[in-house]
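Report on the following structure.
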Amino acid sequence: MVWRTATVAQVIEESPSARTLVLDVPEWPGHRAGQHVDVRLTAEDGYQAERSYSIASAPESSTLQLTVEVIADGEVSPYLGQEVRAGDRLEVRGPIGGHFSWTVSDGGPLLLVGGGSGLVPLMSMLRHRASQASEVEARLLVSARSQDDLLYRAELGELDPAAGLAVFQTYTRTAPPGWSGWQRRVDASMLAEVDPGPGAHCFVCGPTPFVEGVTHLLVAAGHENHRIHAERFGPTGG
Amino acid sequence: MPAFSRGFHGRRDPAVDPSRIPPGQYLTPDFPVLSAGPTPYVATADWSLTIDGAVDAPLTWSWDALLALRSETFTVDIHCVTKWSKLDTTWTGVALDTLLEGVGTEADYVTAWCDGDYTTNVPLDDLRGGRAWIVHTYGGEPLAPEHGGPARLLVPHLYFWKSAKWVRRLTLTIDDEPGFWEAAGYHNYGDPWREQRYWND
């Protein structure tokens, strides 16, 4: 698969620890919502480092957008999340991963569950759905530590609930003042309120313990294995 | 050589022997979990392993029968296509050489079938010669479900998706049949040292 030299057109601050890189990629072949890319950096002495990042933008977008959460002791994410600025170039190749992806023709209902930056590939799906003016029933449950950590906060608020979309949030560490919603980790009763029922296309993305827990609950709630798409990141935590 | 990335220096650990890190990989002290769906939980009492397909006679081992076979404890490096590598991982299990003893076959390929509907394909030769095992123990402990327990295939000289978690059946085939990831854009063979991650790599 070929590497393409992307140019950073814009950098968007999404949270205290995450930024979106808006990339111009010549001859980008297009992607399905939910897929990811490989990014390769090259130091002056020729040393290279590669990592994978989910695509945040819809396939319909003219730019390729990656949202990168900075991992404190990481090698690549601090560079992408703090150092990179408009005009810089980096190499990307993709799209990669056909399993964790969705297109409006796949139909619904959709059950999207994201933990932290696990929201990124799910946002690509919702942006794709909105671009296509799809009214496929979609439920999004986002778990964030706090409101500051919630990615795409303004955009999530603007997504049209009339078009069959419902967005649910839970804050696991600090809730904003006046918040009367959920303030705990995702559990069975929370999922039961969000769940559109059997037959849903389920997509779960987040840190490994989060995804292990949520997918286990979905199986227990009667969702079929092959409809539960999972993407995990980070250490096992155990 | 591509243009360098302004301000990127990278992190090089002088204690790491670079000859052990395949191109594009980085070391992790963690043990990340990559699975396409939920983790299946299978009790060892309900578990069995079958070798079937283009064989003279299929063979099946119960959990106890597997444990009764000659086991090996060994230390290898593992390389995941998502870029992480982990050195000096210690496993215990049964060599495929042992399981394939006495299996008459004309097959050149194997498809591993797993709980959770996962499949992967490997040339039969790659499972021979002390290069592949069915492992049930990691670091002296029973293999955790999220890492493929009760038992997984281990083929450490290929990218780690070939080391199928929750393996239950090895079907020997005359023709090569792409598995789950192999049909979804990932390389059919997956040699980390040749960086065979994706189709056409």
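The values are calculated or read from the model by the stated rules, or taken from the named source; none is laboratory data. Note that this is a predicted model, so its numbers are computed, not measured. Note: ideal-geometry Cβ built from the backbone for every residue, glycine included; neighbour counts use all protein chains shown.
Output the residues belonging to segment B:1-56 that are surrounded by 16 or more Cβ atoms within 10 Å (Cβ to Cβ), within 20 Å of B:E146 (Cβ to Cβ) and at the interface with chain A (Cβ under 7 Å from one of its Cβ atoms). B:F31, B:P32, B:V33, B:L34, B:S35, B:A36, B:G37, B:P38, B:T39 - these are the residues of segment B:1-56 that are surrounded by 16 or more Cβ atoms within 10 Å (Cβ to Cβ), within 20 Å of B:E146 (Cβ to Cβ) and at the interface with chain A (Cβ under 7 Å from one of its Cβ atoms).
Residues that are crowded, with 23+ Cβ neighbours inside 10 Å and not hydrophobic (A, V, I, L, M, F, W, C): does segment A:129-138 have at least one? Yes - at least one qualifying residue is present in segment A:129-138. The set of residues from segment B:177-200 being free of Cβ contacts under 8 Å to residues at least 24 places away in the same chain and either more than 8 Å from every other protein chain (Cβ to nearest Cβ) or surrounded by 15 or more Cβ atoms within 10 Å (Cβ to Cβ) (or both) comprises B:A183, B:A184, B:G185, B:R194, B:Y198.
Residue by residue, here is whether (1) surrounded by 13 or more Cβ atoms within 10 Å (Cβ to Cβ); (2) within 25 Å of A:R32 (Cα to Cα); (3) not assigned by TED's automatic domain parsing to the domain that holds A:G116 holds:
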site	(1), (2), (3)
A:V142	yes, yes, no
A:E158	no, yes, no
A:Y171	yes, no, no
A:T174	yes, no, no
A:M190	yes, no, no
A:P198	no, yes, no
A:T208	yes, yes, no
A:H216	yes, no, no
A:V219	yes, no, no
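The single condition from (1) of a type in the set (D, E); (2) away from every other protein chain (no Cβ under 14 Å); (3) closer than 26 Å to A:G107 by Cβ that A:E231 fails is (2).
Yes/no per residue for (1) under 28 Å from B:T28 (Cα atoms); (2) in a loop (DSSP other than H, G, I, E, B); (3) hydroxyl-bearing (S, T, Y); (4) touching a residue at least 60 places away in the same chain (Cβ under 8 Å):
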site: B:K86; (1), (2), (3), (4): yes, no, no, no
site: B:T98; (1), (2), (3), (4): no, no, yes, no
site: B:V103; (1), (2), (3), (4): no, yes, no, yes
site: B:A112; (1), (2), (3), (4): yes, no, no, yes
site: B:G116; (1), (2), (3), (4): yes, yes, no, yes
site: B:V122; (1), (2), (3), (4): yes, no, no, no
site: B:D126; (1), (2), (3), (4): yes, no, no, no
site: B:H136; (1), (2), (3), (4): yes, no, no, yes
site: B:E146; (1), (2), (3), (4): yes, no, no, yes
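Scoring A:G46 on the criteria (1) farther than 24 Å from B:G116 by Cβ; (2) within 14 Å of chain B (Cβ to nearest Cβ); (3) at pLDDT 95 or above leaves a single failure, condition (3).
Please work out if B:T90 is without any contact (Cβ under 8 Å) to a residue 60 or more places away in the chain and under 30 Å from A:Y53 (Cβ atoms). Here the answer is no, as B:T90 does not meet what is asked. Taken as a whole, the condition of being more than 14 Å from every other protein chain (Cβ to nearest Cβ), at positive phi and within 20 Å of the chain's Cα centre (by Cα) does not apply to A:Y171.
Given the residues B:A36, B:A15, B:A57, B:A45, which is the only one that is part of a helix (DSSP H, G or I) and of a type in the set (G, A, S)? Let's see the steps before the verdict.
Details: B:A36 fails: part of a helix (DSSP H, G or I); B:A15 fails: part of a helix (DSSP H, G or I); B:A57 fails: part of a helix (DSSP H, G or I).
After applying the criteria, what remains is B:A45.
Is it the case, given these coordinates, that A:T67 is crowded, with 21+ Cβ neighbours inside 10 Å and in contact (Cβ under 8 Å) with a residue 40 or more places away in the chain?
For A:T67, the condition - crowded, with 21+ Cβ neighbours inside 10 Å and in contact (Cβ under 8 Å) with a residue 40 or more places away in the chain - is met.
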